[in-house]
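The values are calculated or read from the model by the stated rules, or taken from the named source; none is laboratory data. For clarity, every value in this text was computed on a predicted model and none was experimentally measured. Glycine gets a Cβ as well: all are built from the backbone with ideal geometry, and neighbour counts include every protein chain shown.
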Amino acid sequence: MTKTSDIVVVGGGVNGTSIAMHLSKTLGGKVTLVEKGGLATGATGRSGAMIREHYLTPELVRIASRSKTFFEDWPGEHGYDLKFKRTGRILLFGNVDEKAARLNGEMNRREGVSIETLGMAETSKILPEANLEDIEVALYEPDAGYADPVATTYAFAKEAKRHGATILTNTKVSEIISYQGKVTGIKTNSGDIESGIVVNVTGPWANSLLSPLGETLPITPIRVQMVHLRRPPSLGTLEQIVIDHTCGSYYRTDGSPNTLIGGEAPEDIGETVNPDHFGLNADHQFIVRYWERAIKRFPEFQNAICRGGYGSLYDMTPDGNPIIDASETIENLYNVTGFSGHGFKLSPAVGELVSELVNGSKNRTDELNLFKASRFDTGNEIIPKHPYGMRAHQ
Ligand SMILES: Cc1cc2nc3c(=O)[nH]c(=O)nc-3n(C[C@H](O)[C@H](O)[C@H](O)COP(=O)(O)OP(=O)(O)OC[C@H]3O[C@@H](n4cnc5c(N)ncnc54)[C@H](O)[C@@H]3O)c2cc1C
């Protein structure tokens with residue numbers, strides 16, 4: 001028997017579940033989320049899940065700030081633990097990026113972010129083990145931190161269910177169905193679901209559902225790699241998240257003696273892959289590259305123990321920012337994808353924005369205009385006024 005729903009959300013990552021949660025809360029109709037594997041088994045489950053407000057454009061700062069408040073307020077309000085841990089986050093800049101860092105620090109403060117611009121004496125108090133000889137300035141966000149991406153996704157799904165949503169896992173959508181230019185539902189490996197609205201939140205897989213409809217979004221699936229180093233006791237706790245803008249590497253503890261290391265220099269995010277077939281383990285050359293950078297910044301990492309690493313996916317767009325928009329070819333189909341490696345922290349606000357988009361609310365039209373797919377054809381990409389040199393997404 002064909003099932004029916006008012007809205008179908010395809011994709012059970014942190015954005016799909018946030019959207020299902022917000023839609024089921026605000027809409028009062030029936031929302032069904034359909035995920036081909038388990039929840040959070042896409043990019044979300046392998047995310048660094050760092051939460052911060054610092055961005056290089058005021059609109060993104062505001063969206064990130066609303067999301068951060070949502071993460072902070074969650075436990076009291078809802079009861080399921082997202083495991084949000086406030087650690088602070090420090091960004092290190094060499095002379096190439098010094099001016100941009102100072103200007104972006106000022107802009108973020110004007111937007112209300114708690115962020116300090118630090119000289120080297122203050123920076124080495126926060127990071128006593130760091131070699132700072134090539135660093136000119138640092139930005140410090142004391143309230144930043146990270147959450148557990150899997151726990152967060154399950155919590156959002158549970159909250160969606162509490163508001164009446166149905167969550168279907170291990171259910172692959174093979175086709176989005178339309179009639180006379182309007183969406184009418186989906187086909188899955190366990191039957192069809194009729195629905196007047198479909199939201200495609202499938203990250204790097206988005207185009208596999210859109211191409212048969214004659215639509216292609218500028219999204220490239222990119223393989224990225226993370227490495228785990230077990231810190232020697234001489235390296236202390238290294239509690240803070242550290243973003244090293246001289247080489248693109250970032251460091252975050254996972255609450256144990258392990259530090260998770262990722263990279264976002266252009267050479268770290270250059271491997272286009274098939275999202276169904278890519279290397280799930282880190283390559284030896286990446287482990288060596290990240291480890292060498294780590295030793296340069298924190299010499300005591302030379303005594304670390306490598307605990308391996310893993311590969312995962314970014315859904316990159318040309319300007320490194322998401323697409324949150326109605327489809328240009330099929331009415332009542334919405335695409336929410338292309339988070340380009342920074343979509344975890346934005347997910348609460350994305351859920352809100354999509355629920356406004358679907359409900360036709362005009363409250364946040366300015367923000368929604370920013371994320372239109374057509375921006376890539378009309379020269380309206382999201383380009384920061386003061387970009388940093390070494391990071392491929394800003
Ligand atoms: C290594 C790494 C580190 C990161 N670090 C951070 C960070 O510190 N902070 C931050 O904000 N962001 C970070 N990100 C980015 C963030 O994790 C992602 O942007 C976010 O998780 C994307 O969530 P999503 O729900 O949009 O997509 P995904 O999590 O990719 O979910 C898409 C889902 O769609 C499902 N799907 C696909 N096709 C179908 C189909 N046909 N039928 C049904 N289901 C389908 C997939 O199985 C998948 O579960 C990082 C990403 C990676 C990879």
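Given (1) over 18 Å from the mean Cα position of the chain (by Cα); (2) of a type in the set (D, E, K, R); (3) under 27 Å from W205 (Cα atoms), identify the lone condition not met by E264.
(1)
State yes or no: is G262 within 12 Å of the ligand (Cβ to nearest atom), under 29 Å from H386 (Cα atoms) and not in a helix (DSSP H, G or I)?
yes
Out of all the residues in the range 17-29, is one or more in contact with a strand residue (DSSP E or B) (Cβ under 6 Å, 6 or more places away or on another chain), away from the ligand (no atom under 11 Å from the Cβ), small (G, A, S) and modelled with pLDDT under 95?
For the range 17-29, residues in contact with a strand residue (DSSP E or B) (Cβ under 6 Å, 6 or more places away or on another chain), away from the ligand (no atom under 11 Å from the Cβ), small (G, A, S) and modelled with pLDDT under 95: present.
Report whether or not G308 is outside the structural domain of G13 (by TED's automatic domain parsing) and on the phi > 0 side of the Ramachandran plot.
yes
In the set E77, E122, E98, which member is in a helix (DSSP H, G or I), at pLDDT below 95 and not hydrophobic (A, V, I, L, M, F, W, C)?
Of the residues listed, the single one that is in a helix (DSSP H, G or I), at pLDDT below 95 and not hydrophobic (A, V, I, L, M, F, W, C) is E77.
Looking only at the range 37-80, count every residue that is within 13 Å of the ligand (Cβ to nearest atom), surrounded by fewer than 24 Cβ atoms within 10 Å (Cβ to Cβ) and farther than 17 Å from A349 by Cα and tell me the total.
7
Kindly indicate whether any position in the range 122-135 is more than 22 Å from E264 (Cα to Cα), among the hydroxyl-bearing types (S, T, Y) and outside the structural domain of V242 (by TED's automatic domain parsing).
No.
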